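Reading through the structure tokens given below for one structure.
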């Protein structure tokens, strides 16, 4: 009886975990404005690029004592990411206390993706429609 109860608890626990996981995935997709499989692929690639650039900013800061522009990160070989992933282009905004890496969607593109995605020094993503 004890084994059966333990197994039943395990199955219920896995079911609850899968439910919360599926809800998280659905809310992330809705927040990202991802409407098509191609949009999902684009957004995933853009997020990966933004994380790479943000990681390079952190390494650049550790080595240089300041944050660098996108051109500085590329020329110093901190990143090999291109300056764009159509329909998005990348930029870096620096301030005394941090940075923000921004991906901006091209004007007139109506792919159902956010107009802007960004990540800052805390590695927190933000989107805007």
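The values are calculated or read from the model by the stated rules, or taken from the named source; none is laboratory data. This structure is a prediction, so every number in the text was calculated from the model and none was measured. Cβ: placed from backbone, ideal geometry, glycine included. Neighbour counts: every protein chain shown.
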Filter result (under 16 Å from the mean Cα position of the chain (by Cα) and not in a loop (DSSP other than H, G, I, E, B)) within the range 74-85:
84, 85
Quick check on my filter: what residues within the range 79-115 are within 17 Å of residue 44 (Cβ to Cβ) and in contact with a helix residue (DSSP H, G or I) (Cβ under 7 Å, 6 or more places away or on another chain)?
81, 85, 88, 90, 101, 103, 111, 112, 113
Considering only the range 57-79, state which residues are closer than 19 Å to residue 104 by Cβ, in contact (Cβ under 8 Å) with a residue 12 or more places away in the chain and out of contact with any strand residue (DSSP E or B) (no Cβ under 9 Å at 6 or more places or on another chain).
79
Going by what's in this entry, would residue 60 be described as modelled with pLDDT of 90 or more, part of a loop (DSSP other than H, G, I, E, B) and either surrounded by 12 or more Cβ atoms within 10 Å (Cβ to Cβ) or in contact with a helix residue (DSSP H, G or I) (Cβ under 7 Å, 6 or more places away or on another chain) (or both)?
no
Filter result (at pLDDT below 90 and in a strand (DSSP E or B)) within the range 86-119
95
Select from the range 80-94 the residues that are closer than 16 Å to residue 55 by Cβ and in contact with a strand residue (DSSP E or B) (Cβ under 6 Å, 6 or more places away or on another chain) and list them in ascending order.
90, 92
